[in-house]
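Please read the structure below before turning to the comments.
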Amino acid sequence: MFTFWKGYVTDLGKPLKIYLDKFSTYKINHKAALDNSELRTQFERATKMLGITLIFANSPQAKGRVERLFKTLQDRLAKEMRLANINNPIEGNKFLKEIFIPKYNAQFAVVPAKSGNVHKLIIGSEKKQLEHIFSIHQARRVNNDFTVQFKNTWYQLTEIQPTTVRKQEVVLVEVWLDDSVHIILKDHELVYIILPEKPKKQSSKQPLILTRHKLNYKPSPNHPWRQYPEPKLSLEGG
């Protein structure tokens, strides 16, 4: 879903409003979400960051019109591609953009009641943030040994970080469209090492903070900081 919408806003700009049904991908339908604005889907969070208004259909008739259109397209498009001897995604996307959509619009497009573009251009700062916006966001807590656990994987934060990191601090874990994992704190991307297994409890006392420079703390010989090469630190914000 995010792959489509990232491509959409990149090519066409941000729609002012999106008309949707109440499918759980788009909206949390539990009654608790009515009284808690923090209960929202990843899609609601991404569109809010872009300033896009969501309109949710309250009648089955509204959804029915969309479903009938999709059924027509799924049936007709598959046959058109078969007749054109297309059997791979690259040729299929080219056919869709250059042939099928112009042909379909020429036959069925309706002149809008009002002229004008209902999209806003993506500005420079937003373009730089699209990877962050169209990613899965999850909050995690920094453990006392400065590890972060996410989906059965342990991420060891390195000794030098672009911003001060404290134990038990809440960080934002982002999974981008390319499946890369990014740990964000105070708009900075933290540097980490992926551990092969759950870290063993360290007998030596852990440092109180991580920051931009090396500490007086001396890690034990079996500490991950000694066992694995430390990635290069980027001081740019995440």
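The values are calculated or read from the model by the stated rules, or taken from the named source; none is laboratory data. Everything quoted here is computed from the prediction, not taken from an experiment. Cβ coordinates were reconstructed from backbone atoms using ideal geometry, including for glycine residues, and neighbour counts include every protein chain displayed.
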Exercise. Return the residue satisfying two criteria in turn: it lies in the stretch 128-171 and is in contact with a Ser or Thr (Cβ under 8 Å, 6 or more places away or on another chain) and outside any loop (DSSP other than H, G, I, E, B), and of such residues it is farthest from LEU210 (Cα to Cα).
Key: LEU130
Exercise. Taking only the stretch 123-180 into account, find how many residues are surrounded by fewer than 19 Cβ atoms within 10 Å (Cβ to Cβ), among the aromatic types (Phe, Trp, Tyr) and closer than 20 Å to PRO224 by Cα.
Key: 1
Quiz prompt | Check on HIS119, modelled with pLDDT of 90 or more, surrounded by 11 or more Cβ atoms within 10 Å (Cβ to Cβ) and touching a Pro at 6+ places or on another chain (Cβ under 6 Å) | solution = yes
Exercise. Residue by residue through the stretch 134-162, note down the ones that are of a type in the set (Val, Ile, Thr), at pLDDT 95 or above and in contact with a Lys or Arg (Cβ under 8 Å, 6 or more places away or on another chain).
Key: VAL142, VAL148
Quiz item: Quick one: would you say ILE101 is in the same structural domain as LYS27 (by TED's automatic domain parsing), touching a Pro at 6+ places or on another chain (Cβ under 9 Å) and surrounded by 11 or more Cβ atoms within 10 Å (Cβ to Cβ)?
Solution: no
Practice problem: Name every residue in the stretch 1-36 that is outside any loop (DSSP other than H, G, I, E, B) and at pLDDT below 70, in order of residue number. | Solution: LYS31, ALA32, ALA33, LEU34
Exercise. Starting from the stretch 1-24, take each residue that is touching a residue at least 60 places away in the same chain (Cβ under 8 Å) and list its partners that are outside any loop (DSSP other than H, G, I, E, B) and of a type in the set (Ser, Thr, Tyr), counting only C-beta distances under 7 angstrom and pairs at least six apart or across chains.
Key: LEU16/THR53; LYS17/THR53
